[in-house]
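Asker: Just passing along the structure, written as structure tokens.
Derivation of every value follows stated rules applied to the coordinates shown; laboratory data play no part. The shown structure was predicted, so the numbers you read here are calculated from the model rather than taken from an experiment. Neighbour counts run over all protein chains shown; Cβ positions are idealised from the backbone, glycine included.
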Amino acid sequence: MATYAIGDIQGCYTELQQLLNKINFDSAQDALWFVGDLVNRGTESLETLRFVKNLGDKAITVLGNHDLHLLAIAYGIKTTRSDDVQRILDAEDRNDLLRWLSSRPLLHHDAQLGYTLVHAGMYPKWSLTQAQGYANELESVLQNNLEDFLHHMYGDEPANWDDTLTGYDRLRFICNSFTRMRFVNNDGSLDHDNKMQPDTSNTSTQPWFDVNKTQETKIIFGHWSTLPLMTGPEIYAIDTGCIWGGNLTAYCLETAQITQLHCEQHADPRKAQANINHN
């Protein structure tokens with residue numbers, strides 16, 4: 001049995017299938033970990049959702065910001081100009097797919113393998129135990145009060161964590177940390193403006209994973225397509241920009257083997273903000 005972590009798919013179902021063929025994925029004995037952002041920007045988000053859902057317990061996927069944005073569109077909180085997203089909304093199984101998607105975790109930890117799966121990262125001031133608790137806190141809200149949370153989800157504030165945060169301010173920070181975070185300022189606040197590669201000359205802000213260099217667990221994440229592929233010893237960044245004409249990456253947790261598939265560009269950079277503004 002092998003466990004493969006797969007980078008951001010964003011609706012690139014054909015490329016996903018080609019990558020799975022390349023690694024000889026066998027659903028009878030292998031397992032897949034997805035870093036989230038199954039949908040949007042590509043052309044086959046509906047097929048991607050159906051495939052991952054139908055894998056059952058052979059697939060684990062955490063929620064990404066694009067997945068949450070899809071849910072906000074489905075509830076009428078945001079609008080879409082994406083034909084790909086509209087295909088999901090028009091599908092006869094849309095309710096089952098969206099219900100399944102909203103029940104995905106924000107964090108998955110496997111103590112035996114020693115890896116933790118998140119979409120964007122794990123806030124560096126949090127221990128693993130704290131991060132698991134905060135993830136569970138938001139997951140409970142997504143299960144029981146999804147629509148109300150989606151109405152309050154968007155925004156960059158509060159930018160810094162405080163144990164005394166309550167209500168939607170608290171939940172929004174938790175959500176942003178797991179699904180949008182890239183850089184952290186020296187005071188611990190999240191910097192959502194910078195999405196490029198880290199600038200070593202900038203001493204006022206750092207990638208979240210450089211703030212506390214010694215991690216309690218090996219963290220696998222996606223979300224940050226401008227980062228180079230990173231595979232250990234503690235940080236595993238595997239969003240290698242499939243949608244932008246980069247690669248779709250599979251990382252085997254047991255063997256550390258890396259398999260990549262080069263992809264054609266699907267997303268039009270000029271239309272990226274028309275597709276989604278919560279990134």
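Asker: If the cut-off is a Cα-Cα distance under 14 Å, which aspartates and glutamates reach Lys78, setting aside same-chain residues fewer than 8 apart in sequence?
Answerer: The qualifying aspartates and glutamates are Asp67, Glu147, Asp148.
Asker: Next question. With 30 Å as the limit, write out which pairs from Lys125/Lys195; Lys53/Lys125; Lys195/Lys218 have Cα-Cα distances beyond it, or answer none. Show your work: numbers first, answer last.
Answerer: Values: Lys125/Lys195 21 Å; Lys53/Lys125 33 Å; Lys195/Lys218 23 Å.
The pairs that break the limit, which is 30 Å between Cα atoms, are Lys53/Lys125.
Asker: On a full-extension model of 0.36 nm per residue, what is the gain between Gln18 and His152, subtracting their alpha-carbon distance, rounded to one decimal in nm? Display every interim value, and only then the final one.
Answerer: Numbers: separation 134, 0.36 × 134 = 48.24 nm, distance 3.82 nm.
Separation in residues times 0.36 nm, less the Cα-Cα distance, equals 44.4 nm.
Asker: How do Met230, Met181 rank when sorted from fewest to most other Cβ atoms within 10 Å of their own Cβ? Before the final figure, lay out each step's value.
Answerer: Values: Met230 16, Met181 27.
Going from least to most buried by this count: Met230, Met181.
Asker: Sticking with this one: Taking 2.2 N^0.38 Å as the expected size of a compact globular protein, what ratio does the Cα radius of gyration of the range 65-221 give against it, to two decimals? The partial results should precede the final answer.
Answerer: On the way: Rg = 16.5 Å, N = 157, 2.2 N^0.38 = 15.0 Å.
Relative to the 2.2 N^0.38 Å estimate, the range 65-221 comes out at 1.10.
Asker: Now for a different question. May I ask you to give the average projected area over all directions of the convex hull of the Cα atoms of the range 147-241, in nm² rounded to one decimal? Mind dumping the intermediate values first?
Answerer: Details: hull surface 28.1 nm².
In nm², the orientation-averaged hull projection of the range 147-241 is 7.0.
Asker: Using the crude model of +1 on Lys and Arg Cβ and -1 on Asp and Glu Cβ, and no other charge, please compute the dipole size for the chain relative to its Cα centre, in debye to 20.
Answerer: Around 240 debye, computed over the chain.
Asker: Counting other beta carbons within 10 Å of each Cβ, put Tyr154, Tyr236, Tyr13 in order, fewest first. Numbers along the way, then the final one.
Answerer: Working: Tyr154 16, Tyr236 26, Tyr13 20.
So the ranking, lowest neighbour count to highest, is Tyr154, Tyr13, Tyr236.
Asker: Let me ask another. Label-point separation (nm) for Asp193 and Arg99, each offset 7 Å from Cα along Cα-to-Cβ?
Answerer: For the pair Asp193/Arg99, the computed spacing is 4.4 nm.
Asker: What does DSSP give for the range 3-275 in terms of the percent of beta bridges that are antiparallel, rounded to the nearest 5?
Answerer: On the way: 19 of 33 bridges.
Taking every DSSP beta bridge within the range 3-275, about 60 percent pair in antiparallel fashion.
Asker: Let me ask something else about it. Just to confirm the filter: which chymotrypsin sites (Phe, Trp or Tyr not before Pro) across the range 22-79 are DSSP coil and have at most 16 other Cβ within 10 angstrom of their Cβ? Display every interim value, and only then the final one.
Answerer: Numbers: sites: Phe25, Trp33, Phe34, Phe51, Tyr75; in loops: Phe25, Tyr75.
Qualifying residues, ordered by number: Tyr75.
Asker: For n ≥ 4 DSSP H runs only, could you compute -39500 (n - 2.57) per run for the chain, divide by its residues and tell me the 222 nm figure to the nearest 500? Show your work: numbers first, answer last.
Answerer: Numbers: 10 runs with 92 residues, N = 279.
Helix-only estimate at 222 nm: -9500 deg cm²/dmol.
Asker: In percent, how large is the relative contact order of the chain, given Cα pairs closer than 8 Å and 6 or more residues apart?
Answerer: Numbers: 547 pairs, mean separation 64.7, N = 279.
Relative contact order, the chain: 23 percent.
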